[in-house]
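Chemist: Supplied in structure tokens, the structure appears directly below.
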Amino acid sequence: MIDDIVKDGNVRMGKSVESFQKALTKIRTGRAHPGLLEHVMVSYYDVDTPLNQVATVNIEDARTLSIMPWEAGMIGPVEKAIMKADLGLNPVTAGNVIRVPMPPLTEERRIELVKVVRNEAENAKIAVRNIRRDANSEFKEALKEKMITQDELHGGEDRIQNVTDQHIKEVDKHLEVKEADLMSM
């Protein structure tokens, strides 16, 4: 019983950290990264389709992405989709290749982005703590139903706290890496 609750909490906390990592990939650091365009949707025969399903996205150099649509007629829609995504990027077409140069970030924009990253980290930590709270209330409910003893309750609470601490350290580690990445250059 306790093992199941701790295991479920661990899985849910892992998903919260994973979600935080995905949110971080969408925050531009000034360096070219294909993940920046991951959520861009292109109108492909009147159906919104992810960019990576209609084109190949590669890193040309540290500050440039190159996009090669699989169909020549998709160059215009891909360009429009990148501009519509409101990422502050201006694609440039050269033949059948679209190049997306990454503009350098200003110091004040970097500071704003660090605030955004910290906010995302705090939201991830809150999600992890909420999962801990849910697990603890499940433990208390099991105690009330006489399914576990008082000692098992305290043991379960200690285990879920250890899992919580691990996931919060992981969030802090990702936050530190992203902050350093944003402030470098």
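Chemist: Report yes if Glu79 is in contact with a strand residue (DSSP E or B) (Cβ under 9 Å, 6 or more places away or on another chain) and of a type in the set (D, E, K, R), otherwise no.
Modeler: yes
Chemist: Which one of Val97, Val114, Val163, Val128 is in the same structural domain as Ser66 (by TED's automatic domain parsing) and not acidic (Asp, Glu)?
Modeler: Val97
Chemist: Given the options Val57, Val42, name the one that is farther than 24 Å from Asp181 by Cβ and without any contact (Cβ under 8 Å) to a residue 60 or more places away in the chain.
Modeler: Of Val57, Val42, the one residue that is farther than 24 Å from Asp181 by Cβ and without any contact (Cβ under 8 Å) to a residue 60 or more places away in the chain is Val42.
Chemist: Only one residue in Asn136, Asn130, Asn119 is loosely packed, with under 12 Cβ neighbours inside 10 Å, free of Cβ contacts under 8 Å to residues at least 40 places away in the same chain and polar (S, T, N, Q). Which one?
Modeler: Asn119
Chemist: Related question: Here is a list: Thr49, Thr93. Which entry is among the β-branched types (Val, Ile, Thr), exposed (fewer than 15 other Cβ atoms within 10 Å of the Cβ) and not in a loop (DSSP other than H, G, I, E, B)?
Modeler: Being among the β-branched types (Val, Ile, Thr), exposed (fewer than 15 other Cβ atoms within 10 Å of the Cβ) and not in a loop (DSSP other than H, G, I, E, B) holds for just one of Thr49, Thr93, which is Thr93.
Chemist: If you don't mind, another one. Of all residues in the range 14-56, how many are within 20 Å of Arg109 (Cα to Cα) and among the basic types (Lys, Arg)?
Modeler: Qualifying residue count for the region: 3.
Chemist: In the range 141-155, how many are part of a helix (DSSP H, G or I) and touching a helix residue (DSSP H, G or I) at 6+ places or on another chain (Cβ under 8 Å)?
Modeler: 6
Chemist: Any residue in the range 156-185 that's in a helix (DSSP H, G or I): show its pairings with residues that are aromatic (Phe, Trp, Tyr) at Cβ separation under 7 Å, as long as the two are six or more apart or on different chains.
Modeler: Here the result reads Gly156/Phe139; Glu157/Phe139; Val171/Phe20; His174/Phe20, each pair linking the range 156-185 to a residue that is aromatic (Phe, Trp, Tyr).
Chemist: Also: Among what's in the range 63-75 and is exposed (fewer than 14 other Cβ atoms within 10 Å of the Cβ) and of a type outside the set (D, E, K, R), pick the residue that is modelled with the highest pLDDT.
Modeler: Residue satisfying both the conditions and the ranking: Trp70.
The values are calculated or read from the model by the stated rules, or taken from the named source; none is laboratory data. Just so you know, these numbers come straight off a predicted model, no measurement behind them. Heads up, the Cβs are rebuilt from the backbone with ideal geometry, glycines too, and the neighbour counts pull from every protein chain shown.
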